[in-house]
Structures are given as C-alpha cells and as structure tokens.
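Have a look at the structure below before the remarks.
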Amino acid sequence: MRRILVSITTIFLFLSLSVNAQHQHKGVCGTAIDATVDRLIKNKAAIKQGIVKKRGAVTYVPVKYILTARTNGSGRVSEEAILDMHCHLNEVYLEQDIQFYIKDGTFKEVNNDVVYSDHRRTTNTIMRATNDDTAVSIFMVQDIESLGNTAGQILGYYDGQRDWMVVRNDQANRSSQTLPHELGHFFSLAHPHLGWEPAPFAPGEPGWPTAPNVSPGGVTTEFADGSNCENSADMVCDTPADYNGLFNNGCVHNNGAMDPKGQEIEPNTSLIMSYFGDECVNQFTLGQKEIIESDLISSERNRLEKGWTPPAVDVSSNVTIAYPTEDAVAVANGTLNIDWYDVPGATHYIFELGTNRFFNPSESFMIEGSSIELTDLTNRQYFYRIRPFSPYNTCAPKTNAFSFTITNDQATSTNEIGFVKNFSVFPNPVNRNGEVFVSVLSNESFDGEVSVVDFTGKTIYRSFENFVAGDNQIPVQLNLDANGIYLMFVKSDAGILKKKFVVNE
Ligand SMILES: [Zn+2]
C-alpha cells in the first residue's frame, strides 16, 4: 500500500513539473534587449522637457501587412485572419487615440520558401525590398527561429535596426496580444522584465530567491520599491519589478522572487508588454502611454503617412445582392457576374465561394468594388458570403451565406446577348424624377423585359419591350424617393444585359 501511495505522489510531482516546463516554453517575444533603448531615452527626455502634449484627436497610422507564402504560393495566412487581427489592434489602441489603417487597403504578398520559413536570412534582400518606408511594415511568417536569447517559442518581434516587425501566422486572430505588444516596441517600449528574457528568474536559478543586481541580459535589476525605476529594466516607473518568473496560478504571479534588497516583487500581470498570457494582459500603464505619445510625435515617426482621413461611416455587413436575385441562373461558358450594392464606408470586400453551406472547401477573393466575375462554374448549387471592409474598419463579420444554382451552360449569358452590339444607360447620373434611356444597338430584333432594381434588391420598374434590329432608345420615367446606385436590366431568352446607374438630385 505504502509503495503505491509513494508512486502516485511521484507521478503527481512529475505532472506538475511538466506544467511548469510548459509555462517556461510558452510563446514569447523575440525583440532584442537593446532594440528600443536609444529611442526610449530620447522619448523620456522629450517628456521631461514638457514638449509632449496630448493630441486631442485620433492619429491614423499606416501599416502594411506583408503576407509570405512558400515559393509555390501555399501556406499564406488568410486575409480574413489579418482583418481580425487588425480589428483587435485598433480596439487595443483606441483609448490612446491611435488607430491603424491598412495602407491602400491592400496586402503585399511574397512567395519564397526562405522568407516563409527562415526569414532572417532575407532581411537585407527580400525583406528590405518589400518593406514599406511610409508605413509600419508587418511581415507575417510561418515560423520564427529563436536566436538563443529567449526561453520559449517566438511569436513575434520588433526589429529595432530596420524598424519593422515580424509576426507568426498563428497570431493573426482576434485574441492574440502579439501584434499590440510588438507595436508597443515599435513605439519604443521595453519589456517590464527587460534583461530576464534569456533566463526567467525562478526556483533553481543562481541566488534564488534573491535576484542579482544585474539580470542575465545585462540590465540593472529593478527594485520592488521602485527606487531605481528611472534607470533599471524598462525605465518606466509605473510598471513594477518583473523578473519574467514562472506564473503557475493563471494570471496571478506567485513565484516568490525577491529583489536584490530582499523584498518580494509583485509584477503587474495585466501589462501587454509583459510575458503574462494573452488571457491576462489588456493594458498599457499611464507611463507607457506617455512614451508611446512621445514616440508618435518624434521626428523618427515623420516617415509615416499620418494625414489619412478615414471613411465617415463604420462598415457593416449589410450586403444586398443586386444580381443574381433568383436562385436559378443560366450562364454561358461557366461565367457569372455577381453584383451587390456598395456597403457604406467599405472600399474592399472578401468574397468567399463554396460548394456547400459549410464553405468546406472554399475559395476566397479580395476585390475592390462591388462585383465579381466567377468563371469555371458547373451545373450545381454554389454558396457565397461577403466580408466588407475599409483600410481602417476591419471588424465587420462576413454575411450569412447566399446561394445560386447554375442550371445549364447553354448559349445564354448573364452579361451579354450575342447579337447586341452596344448597351448603355443615359444620362448617368440622372435626376430622381428624370427620364433615363436604355440604348440598345442590336443585329436582330427580340422581345425583352426592361427593369430597374433599387439598392435593397427590390424591382421598382418593369416594362416589356420589342427591340428592333438596329438602334433602340427606350425611355424609362423615374419617380424615385432616394438617391443611390440602381441597376438597369434587359432580360431576354437570349441573355441578360445589366448596367449600374447613379441617381442624384
Ligand atoms: Zn516583446
């Protein structure tokens, strides 16, 4: 009996040691200990001189995401994941009147095996060539090799020499604090536990539990009473001493480390610049915010295009489909144009196409404007959903699924009627109560339905016309309540013509 009990105790101890080891090998940041110190000292000096004033308005800071993939184009992080990460970033920095916008609303892509899996070999070649000097460049990579100066898997780092950052693909989501943390470094903040990155202070370390005066990374150890805070660790006085020790109890620090004077330290486990878990951290201190402020207005940051103006409205996911509005569609050559009405504020859309309502598998397209041409469609049902966004506003989720069914691939067409040589709508723009003409130049006569669809997808005008061979000018008298973009259709047995037109005062 006794022996069995001993065995169980041994197993229990072994398990708790494994848990400790996992904590020690958790995700960490690979920013070099001296990456930010020069700018930090300058920014602190500017604060002391009183030249850092509250801006009183939001500053928009451009970022450029550089999405790496293997040479064959595989393995790239999804654009949707980047939108989620960007949304979270702006939520974190909102209270500091800093908002980030994706420069040009587009992503840069690099396909290269080396930059994808071992990017440090390309810092002076591919990375330097793709870096955007007028924005904060963020390289998204599959993996980041440790340089031996950290204990744990590196999730991201800020390169102080080149002033850009690298983030691991799996950090692109709405809960990771990796990118907000790395941007803290970009704005010259250091870790509260600066100097303890290579070897967290924990039981078993030399001198335990009393910390040495200088950390393994060569930085002066901060005292628990803060008396040397100006010139030790991160040089910020409202971030208490932190030696990067073990934190076994969720978000509560309890490892019992003492400062060189024998006083137990109490790190702040909610700081984004610390190594406490994503579930624990959510803030910058006032002292850290002041340094971010100082850095933002410093001459080093003049390279960023900060004069950008965001769209006046927040982007929502209320996408109304203009075409096709009926489920069954006949197409020619497997090609279908899907049109929707512009979502206020949105400049770009991610369009996802799948062959089942679970979108597994699916294909995504990033497009500017509000229509997409789909090709290679076959006779079956398709599902699609759309996520609108602007360079700044990336939080709107995708829509629910829409669907359409391809019924045949005969000689009918959604985009054209073979014997129609020219189709236009004029004047464009037109007045709300004006007359708009449907102009059709045809080689053959045909019967067709003329209709106008508004931006809610409702058909608000319909007439049946006989088109002659030659030139046709069909007047349509408008009597509309609202300005906006409308769609004019001409539908016939031989295909469909459609054109957007603008209605204003
Ligand atoms: Zn860091």
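The values are calculated or read from the model by the stated rules, or taken from the named source; none is laboratory data. Treat the numbers as computed from the prediction; the structure is a model and nothing was measured. Glycine gets a Cβ as well: all are built from the backbone with ideal geometry, and neighbour counts include every protein chain shown.
Taken as a whole, the structure leaves LYS42 outside the set of residues that are assigned to a loop (DSSP other than H, G, I, E, B), of a type in the set (Lys, Arg), closer than 30 Å to TRP308 by Cα and at pLDDT 50 or above. Looking only at residues of the range 203-216 that are at pLDDT 95 or above and small (Gly, Ala, Ser), we find that the one that is surrounded by the fewest Cβ atoms within 10 Å (Cβ to Cβ) is SER215.
Residues of the range 298-308 include none that is farther than 16 Å from LEU183 by Cβ, more than 16 Å from the ligand (Cβ to nearest atom) and touching a Gly at 6+ places or on another chain (Cβ under 6 Å).
Listed by first and then second residue, the pairs linking a residue in the range 153-180 that is closer than 19 Å to HIS86 by Cβ and among the acidic types (Asp, Glu) to a residue that is within 12 Å of the ligand (Cβ to nearest atom) and not in a loop (DSSP other than H, G, I, E, B), with Cβ atoms under 9 Å apart and 6 or more places separating them unless they lie on different chains, are ASP170/LEU155.
Would you check if PHE223 is at pLDDT 95 or above, of a type outside the set (Lys, Arg) and more than 12 Å from the ligand (Cβ to nearest atom)? Yes. Go through the residues of the range 204-215 one by one and say whether even a single one is more than 13 Å from the ligand (Cβ to nearest atom), closer than 30 Å to ASP159 by Cα and within 30 Å of the chain's Cα centre (by Cα). No, the conditions are met nowhere in the range 204-215. Please determine whether any residue of the range 437-445 is within 43 Å of the chain's Cα centre (by Cα) and assigned to a strand (DSSP E or B). Within the range 437-445, one or more residues are within 43 Å of the chain's Cα centre (by Cα) and assigned to a strand (DSSP E or B).
Is it true that ASN302 is over 24 Å from THR210 (Cβ atoms) and surrounded by fewer than 14 Cβ atoms within 10 Å (Cβ to Cβ)? So ASN302 fits the description; yes. Here the condition is being assigned by TED's automatic domain parsing to the domain that holds GLU230 and more than 16 Å from the ligand (Cβ to nearest atom); of LEU286, LEU271, it holds for LEU286 alone. For the range 161-197, a residue qualifies if it is more than 13 Å from the ligand (Cβ to nearest atom) and within 21 Å of GLU264 (Cα to Cα), but none of them does. Of the residues that make up the range 245-255, is at least one part of a loop (DSSP other than H, G, I, E, B), out of contact with any Phe, Trp or Tyr (no Cβ under 6 Å at 6 or more places or on another chain) and at pLDDT 95 or above? Checking the range 245-255: not a single residue is part of a loop (DSSP other than H, G, I, E, B), out of contact with any Phe, Trp or Tyr (no Cβ under 6 Å at 6 or more places or on another chain) and at pLDDT 95 or above.
On inspection, ASP113 does not qualify as surrounded by fewer than 22 Cβ atoms within 10 Å (Cβ to Cβ), more than 15 Å from the ligand (Cβ to nearest atom) and on the phi > 0 side of the Ramachandran plot.
The criterion of at least 2 residues that are out of contact with any helix residue (DSSP H, G or I) (no Cβ under 8 Å at 6 or more places or on another chain) and touching a residue at least 24 places away in the same chain (Cβ under 8 Å) is met by the following strands (runs of 3 or more DSSP E) wholly inside the range 258-377: 321-323, 328-330, 336-340, 348-354, 371-374.
Scan the range 78-101 for residues that are part of a loop (DSSP other than H, G, I, E, B) and within 25 Å of MET273 (Cα to Cα) and the total you get is 1.
When the residues of the range 371-393 are filtered to those that are within 16 Å of PRO361 (Cα to Cα) and among the basic types (Lys, Arg), the one that is surrounded by the fewest Cβ atoms within 10 Å (Cβ to Cβ) is ARG380. When the residues of the range 383-424 are filtered to those that are modelled with pLDDT of 90 or more and among the hydrophobic types (A, V, I, L, M, F, W, C), the one that is farthest from PHE501 (Cα to Cα) is CYS395. When VAL167 is tested against the conditions (1) in a loop (DSSP other than H, G, I, E, B); (2) buried (at least 24 other Cβ atoms within 10 Å of the Cβ), the lone failure is (1). The set of residues from the range 72-85 being within 12 Å of PHE107 (Cα to Cα), of a type outside the set (A, V, I, L, M, F, W, C) and crowded, with 16+ Cβ neighbours inside 10 Å comprises ARG76, GLU79, GLU80.
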